[in-house]
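I have placed the structure first, in the form of C-alpha cells, so that the comments after it can refer back to it.
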Amino acid sequence: MILRLVWENVCFRPLRTLLSVLLIGVPVMLILTLVGVSQGFMDASQERSRGVGADVVIRPPHSSLTSGSGATMPQAMVTKLGQQPHVVLAQGVVQALTNKMFNLLTGIDYTEFKKMSGGFSFVQGDDAHAFVNPNDMVVDTDYAKEAKLHVGSTVTILNNNWHISAIVDTGKMSHIFVPLAVLQDLQNAENHVSMIYLKLDDPKNAEAVVDALKHIHGLEDYEIYSMQDVIDLTSVDKIPVVGIFINVIIGIGIFTGLIVVSLSMYMAVLQRTREIGILKSLGATKGFVMSLILWEACAMGIGGTIVGIGLSYASRIVLHQFAAASLPQAIVPLWWPRVLGIALGSALLGALYPGMIAVAQDPIEALAYE
C-alpha cells in the first residue's frame, strides 16, 4: 500500500518530480565524470607507459612522474646506461609543454624508438614518411581528433610551424612526437634529454637493475623506477590531490541533493496537507506518514542516480569529441553503488525535516485546510 501511495504521489506532479530527479542527477553526473576523467587519464597514462616497451625509466632529481621535466640530463648518460648489465637498449627523449592541457611534445630518435617499442601503428601516412623533414610531427588519433588535424595540416607549437606527416594509434609513450634533435634545439638543450628509458634482456631483472643503478656514483639523486612501479604509481589512489578534489565534489553533491529533496518534499507536504489529514483520521500512524515521505525521497534518489549515470555517458561522448587527448573519461561502474548511496543518503536527510512537519500536523486542522 505504501509503495502504491508513493508511486501515485510521484506521478501526480510529474514536473516537480522530474526537476527534483534531474537536480539530484546533475551532482551524481559530476561525481561520476570527475572520477571517470581521473581514471581515464591514469589508464591512458599507464597504456602509454606500457607502449614504450621499456623496463626501467630514469628521470632527473626531484622530478615528478605526473608532469614533464626539463631537458637537464646529459645525453652521454644514454650511452653509459646502455652499457650496464642486463641493459640491451637505452633511449633518451625530450619533453616540452604544449598549449594543450596535459599534452607533452616528445622528441624521439625514431630509429631507437622503433627498436624499443616496435614502432607506430599508422592510421594516416606511413613509416617511410613519418620523419623526413625537421618540422615533421606525428600525432596519435586522440590528439588529431581534439585538435582537428589530418596529414598535411600545420600546427604551431613552441613558436614553430609543424607539418603533420602521420597519424598513429594511441598508446605509445605520448600523443605528439617530433625529431629529438629539433626539439633539443628549440629548447636550447643540445646534447641533453628529459628522461632515459632502458630495455632489459628480461623484465624480471628490472628491480635488480634499478637497485644497481641507484648505487652508481652520480646517480644517487636521480629518480629511477621500474616501469611496473611507474604504472602502479600513476593511479587515482596514489595521487592525494585527486582524492581531495573528488571528496569536495562528493560534499557538493550531498549538499545539493539534501537541499533539493528538502525543498521538494517540503512543498509536497504543504500541497498534501489535506491528504495527510485524511490518512491520520483513518488511523495512519506517525511512522506510516513518515515512511511515505522517506520512501518518496528514496524514489527521487534512485531516479536521480539513474539519470546521473546516463548523463555521465553523455559527458563521456562530449569529452571524447572535443578533448579526447586532454580529458579522456572512463566509465567506472564500481562507483555506481557509491553514488547511489550518496544520492539516497542526501535524499533521506533532506526529507527528514519535511517528514517531521507532516508527522506533527493535527488531523483536524489538516482536514480544514483549504
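Let me confirm something: among Asn191, Asn205, which residue is farther than 29 Å from Met42 by Cβ and of a type in the set (S, T, N, Q)?
Asn191
Does Glu112 meet the test of being in a helix (DSSP H, G or I) and touching a Lys or Arg at 6+ places or on another chain (Cβ under 8 Å)?
no
Given (1) touching a Cys at 6+ places or on another chain (Cβ under 8 Å); (2) not in a helix (DSSP H, G or I), where does Ala347 come up short, assuming only one miss?
(2)
Among strands (runs of 3 or more DSSP E) lying entirely in region 126-179, which contain 2 or more residues that are surrounded by 14 or more Cβ atoms within 10 Å (Cβ to Cβ), basic (Lys, Arg) and modelled with pLDDT of 90 or more?
none
Against the condition at pLDDT 85 or above and in a helix (DSSP H, G or I), how does Val10 come out, does it pass?
Judged against the criteria, Val10 is not a match.
Being in contact (Cβ under 8 Å) with a residue 60 or more places away in the chain and either part of a loop (DSSP other than H, G, I, E, B) or not polar (S, T, N, Q) (or both) is the filter here; which residues of region 116-125 pass it?
Correct list: Met116, Gly118.
To keep it simple, each residue is scored yes or no on (1) open to solvent by 20 Å² or more (accessible area, probe 1.4 Å); (2) at pLDDT below 90; (3) not in a helix (DSSP H, G or I).
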residue: Leu22; (1), (2), (3): yes, yes, no
residue: Leu34; (1), (2), (3): yes, yes, no
residue: Asp43; (1), (2), (3): yes, yes, no
residue: Ser63; (1), (2), (3): yes, yes, yes
residue: Thr66; (1), (2), (3): yes, yes, yes
residue: Val78; (1), (2), (3): yes, no, no
residue: Ala96; (1), (2), (3): no, yes, yes
residue: Lys100; (1), (2), (3): yes, yes, yes
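The values are calculated or read from the model by the stated rules, or taken from the named source; none is laboratory data. None of these values were measured; they are calculated from a predicted model. Glycine also receives a Cβ, built like all others from the backbone with ideal geometry; neighbour counts cover every protein chain displayed. These area figures cover heavy atoms from the full protein model, side chains too; ligands, DNA and RNA do not enter into them. Shrake-Rupley method; radii C 1.70, N 1.55, O 1.52, S 1.80 Å.
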